[in-house]
Amino acid sequence: MAREEPAFKIKIANLSLFVLYVHTTDMDQLKKQLDMRFNKTQDFFSNTPVALDLSAIANSNLSPDFVDLMSFMLDHGMRATGVVGGSTEQREAAVQSGLGLFPDTIIRPALKSVSTSTTTTSIDAEDSQPELPGLAIETGVGEPNNSRILDSDTQIQKPVSQVLPAFRPTMIINKPVRTGQRIYAEGASLVVLGVVNAGAELIADGDIHIYAPLRGRVIAGAQGNENARIFVHSLEAELVSIAGCFKVFENGIPENLRGKSVQVHLDCSDLIIQPLLS
Amino acid sequence: MSKVIVVTSGKGGVGKTTTSASFSSGLALRGNKTVVIDFDVGLRNLDLIMGCERRVVYDIINVINGEVSLKQALIKDKNCDNLYILPASQTRDKDALNLEGVERILNELKESFDCIVCDSPAGIESGAFTAMYFADEALIVTNPEVSSVRDSDRILGILAAKSKRAVDGLEPVKEHLLVTRYDPKRVEAGEMLSVVDIQEILRIPLIGVIPESESVLQASNAGTPAIHLDKSDVAEAYRDVVGRFMGDAGLPMRFVTAEKKGFFKRLLGGR
């Protein structure tokens, strides 16, 4: 008798997850501010799992209306998956509404210190939009972070602090990355096997490898890792950047690099693009 | 199984409606029970190209609002027995076109039609999004110029990320590249992108190349889909497209290279 193929296996995966820190039990206020914050960037979430951190409201006797909040979040592309922290009553109410329970605290030592001390990665409502005191979302990337890199007058953006990054598995994309799409590998390297077209954007905190033509923008070492490198099968890019030091190709890419396999690295704040030896 | 096919492009004026009209007619000529829906609410054009503008009484918004039945709004095509047209509204606000209503209509149409062709408006606003959301397959209409290709790339990205199939985690929308208004002579002169250039950027399978032709304009003005024109390369090209869509293997890709004048033709000065 032939042995049956195993139909499943269970593993613990270390996936990165968005956490919505709930600062109030006033759902109207929360929803209003979420609306204001994410209405303009509708693409930001798309069926993205999000955990709710309730530790800030754990002392309250009230529990949020989770069912209502979940459907509201879903309208904005966020799928609430479970709660972190909160009072016993709040956690019970969450389970009743179909949410899962995470352990009380998030275990993520290295990046935790980044997000609390430097906030290079967080879109903090209190910082960027003072009129919105009710919520803070810890995320990888957003307009403020990016535009800061791209708009800086000086071409170099010094990292705010040196923190050893936590190991995250490399993100692998095996489809074309098209105009208007943005991919961010938070705390990880990024490998792209499909073409990256003009108007697309790749961002990684680690290295970026592209085994296809690169026509869009590519930003490695987004959190300031000056050792990050970019490897490209065929260079036709609009912009390359490492640790905030960037290069655009206004007059076209030099003949000796255009369409060639290249690597890009930083050498004392100089962005070096050189052909890969064949 | 009935199929929902969206004809879309991002950019305007590339030939979506012309393609919708000829493609749906071609499907009907091949024996498929077909309906073509105009999603361009506020700027309806499809009925003009199909030559049924004087028979439009009700439109898709009437059906969505439950004012009339689907049957009352469908218009039978004058050229093909198997083809029906569901026109867009000229007067209503485009926001009246909501996903729930469209889904209801599509489900009802699926009961009696084999092919449902959705003619998308230009842009990436709600109208175009609604048209593509429920699609099983997509014809990406592209002209051989950079801005059109760029917009098609954007649409492909949205299809891959936001269509119902993508959201539900089903098999992705099947994408077909249709290059229209192609002029091999101008391509050879380096004034236009070639089919190879376009495919190099978009990287989806090519379903056909429609040559640039004055007859398209004449057909549109006459209210006859170009596929019905006699002795026209455009009609031939659209028939090839329908054939490939229906799975005819081995159809050669025509109209890609400029026609060389034969020796005698040159000698006799014939055109």
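The values are calculated or read from the model by the stated rules, or taken from the named source; none is laboratory data. Note that the coordinates shown come from a computational prediction; the quantities given were computed from them, not determined experimentally. Don't worry about glycine lacking a Cβ; one is built from the backbone with ideal geometry, like all the others, and counts go over all protein chains shown.
Filtered by the rule that a residue be under 25 Å from A:Gln42 (Cβ atoms), within 14 Å of another protein chain (Cβ to nearest Cβ) and surrounded by fewer than 24 Cβ atoms within 10 Å (Cβ to Cβ), the range A:185-205 gives A:Gly194, A:Ala198, A:Gly199, A:Glu201.
Residues B:Ser89, B:Ser112: which one is more than 14 Å from chain A (Cβ to nearest Cβ), among the small types (Gly, Ala, Ser) and buried (at least 21 other Cβ atoms within 10 Å of the Cβ)? The unique qualifying residue is B:Ser89. Of all residues in the range A:224-241, those satisfying the criterion of being assigned to a loop (DSSP other than H, G, I, E, B) and either surrounded by 24 or more Cβ atoms within 10 Å (Cβ to Cβ) or small (Gly, Ala, Ser) (or both) are A:Gly224, A:Ala228, A:Ala237. Based on what the data block shows, is A:Ala243 within 12 Å of another protein chain (Cβ to nearest Cβ) and either modelled with pLDDT under 95 or under 18 Å from B:Arg203 (Cβ atoms) (or both)? No.
Consider the range B:230-255 and keep the residues that are assigned to a helix (DSSP H, G or I) and acidic (Asp, Glu). The one that is surrounded by the most Cβ atoms within 10 Å (Cβ to Cβ) is B:Asp240. Among the conditions (1) touching a helix residue (DSSP H, G or I) at 6+ places or on another chain (Cβ under 8 Å); (2) within 27 Å of A:Leu214 (Cβ to Cβ); (3) more than 11 Å from chain A (Cβ to nearest Cβ), the only one that B:Leu202 does not satisfy is (3). A Cβ distance below 9 Å, combined with a sequence gap of six or more or placement on separate chains, defines the contacts here; from the range A:69-88, residues that are within 11 Å of A:Ser46 (Cα to Cα) reach residues that are of a type in the set (A, V, I, L, M) and in a helix (DSSP H, G or I) in the pairs A:Met73/A:Leu34; A:His76/A:Leu34; A:Met78/A:Leu34; A:Met78/A:Met70; A:Arg79/A:Met70; A:Arg79/A:Met73. So which pairs qualify, if the first residue must be in the range A:212-225 and more than 14 Å from chain B (Cβ to nearest Cβ), the second must be part of a loop (DSSP other than H, G, I, E, B) and hydroxyl-bearing (Ser, Thr, Tyr), the Cβ gap must be under 7 Å, and the two must be at least 6 apart or on different chains? Matching pairs, first to second residue: A:Gln223/A:Thr120; A:Gln223/A:Thr121; A:Gly224/A:Thr120.
A:Ile208 - would you say it is touching a residue at least 24 places away in the same chain (Cβ under 8 Å) and surrounded by 23 or more Cβ atoms within 10 Å (Cβ to Cβ)?
no
Yes/no matrix, rows are residues, columns are (1) aromatic (Phe, Trp, Tyr); (2) in contact with a Lys or Arg (Cβ under 9 Å, 6 or more places away or on another chain); (3) over 17 Å from A:Pro103 (Cβ atoms); (4) at pLDDT 85 or above:
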| position | (1), (2), (3), (4) |
| --- | --- |
| A:Ile57 | no, no, yes, yes |
| A:Ser60 | no, no, yes, no |
| A:Asp65 | no, no, yes, yes |
| A:Asp68 | no, yes, yes, yes |
| A:Arg79 | no, no, yes, yes |
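Entry remark, the range B:167-199: residues being within 14 Å of another protein chain (Cβ to nearest Cβ) and surrounded by 18 or more Cβ atoms within 10 Å (Cβ to Cβ) number 5 in total. Give the range A:24-53 a look and list any residue that's closer than 22 Å to A:Leu99 by Cα, within 22 Å of the chain's Cα centre (by Cα) and not charged (D, E, K, R), or say none. Correct list: A:Leu34, A:Phe45, A:Ser46, A:Asn47, A:Thr48, A:Pro49, A:Val50, A:Ala51, A:Leu52.
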